[in-house]
1. Place a +1 charge on the Cβ of each Lys and Arg in the chain and a -1 charge on the Cβ of each Asp and Glu, then give the dipole magnitude about the Cα centre in debye, rounded to the nearest 20.
2. Roughly how many Å² of VAL114 are accessible to a 1.4 Å probe, to the nearest 10?
3. Note the listed values (i) 1.22; (ii) 1.09; (iii) 1.59, then indicate which one is Cα Rg over 2.2 N^0.38 Å calculated from this particular structure.
4. Using the heavy atoms of the protein chains and a 1.4 angstrom probe, tell me the accessible area per residue for the chain in square angstrom.
5. If I compute solvent accessible area with a 1.4 Å probe over the protein chains, what percent of it on the chain is carbon and sulfur?
6. Under the definition of Cα pairs under 8 Å and six or more residues apart, what whole-number percent is the relative contact order of region 132-172?
7. State the answer as a single residue: which of ALA101, TYR84, VAL58 lies farthest towards the positive end of the charge dipole of region 51-119, with beta carbon charges of +1 for Lys and Arg and -1 for Asp and Glu, about the Cα centre.
8. Over region 1-125, what is the relative contact order in percent, taking alpha-carbon pairs closer than 8 angstrom and at least six residues apart?
Amino acid sequence: DDDSNLSGTQILPVTGTSRNITVRAQIDGTTVAHVQFGDGVFSLSRINTSFFQGTFEVQHFLPPDNYSVMLVTEGSTAFVNFTYLPLKKFEVFPSVIRVSASPGETVSSESVVVKNTGNIPLNISVRLNELRGTNGSISTQFAALMFGSAKKSARGVEFLVLPGAEQQIKLSLNVPHDVLKGKYVSSLIFQD
């Protein structure tokens, strides 16, 4: 599959799944053919007297780069090249967190997990919006983002997540003494 109009063959990874790479070759004068990619050897099936075809899988986390597939027959070898494109993607879960606190109390939320589901390192930034409620608001100066035991500004912080890796974040909230009781809502904004 060619996922680009550029010259050559470009393959775009799909998060959480592999891509099937199909090799079709016209080879005269041979009865057996296979392809080699990485550490794998994949047989090609004979379609008719001179056409062979086979498929192998490439995982989504394979780093973006130019790759070669070696086509091997009884008497020769040839190379087929393709470019595996970068996949810039991440997931955040759970999508909703809740904390309960009284005025003057400091509480922490459950962990929010940021997972890099692509194939390139990501610099992800996160910030908290002001907490707003029917009885007022709570400024982000009363909140912090916790990375393990380290507290960072809720107004914005950047962190690196490698492909396949996760980063856990907790929200720490120091509720002001003069805040009115009620429900307050905000959003954590994640960007790469």
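1. 880 debye
2. Near enough 0 Å² of accessible area.
3. Recomputing Cα Rg over 2.2 N^0.38 Å here gives the entry labelled (iii).
4. Per-residue value: 59 Å².
5. 48 percent
6. Contact order relative to length: 41 percent.
7. Checking the options against the dipole of region 51-119, the answer is ALA101.
8. 24 percent
The values are calculated or read from the model by the stated rules, or taken from the named source; none is laboratory data. Bear in mind the structure is a predicted one, so any value in this text is a computation, not a measurement. So basically every Cβ, Gly included, is an ideal-geometry build from the backbone, and we count neighbours across all protein chains shown. For the accessible areas, the whole protein counts, side chains as well, though only heavy atoms, and no ligand, DNA or RNA atoms are used. Shrake-Rupley method; radii C 1.70, N 1.55, O 1.52, S 1.80 Å.
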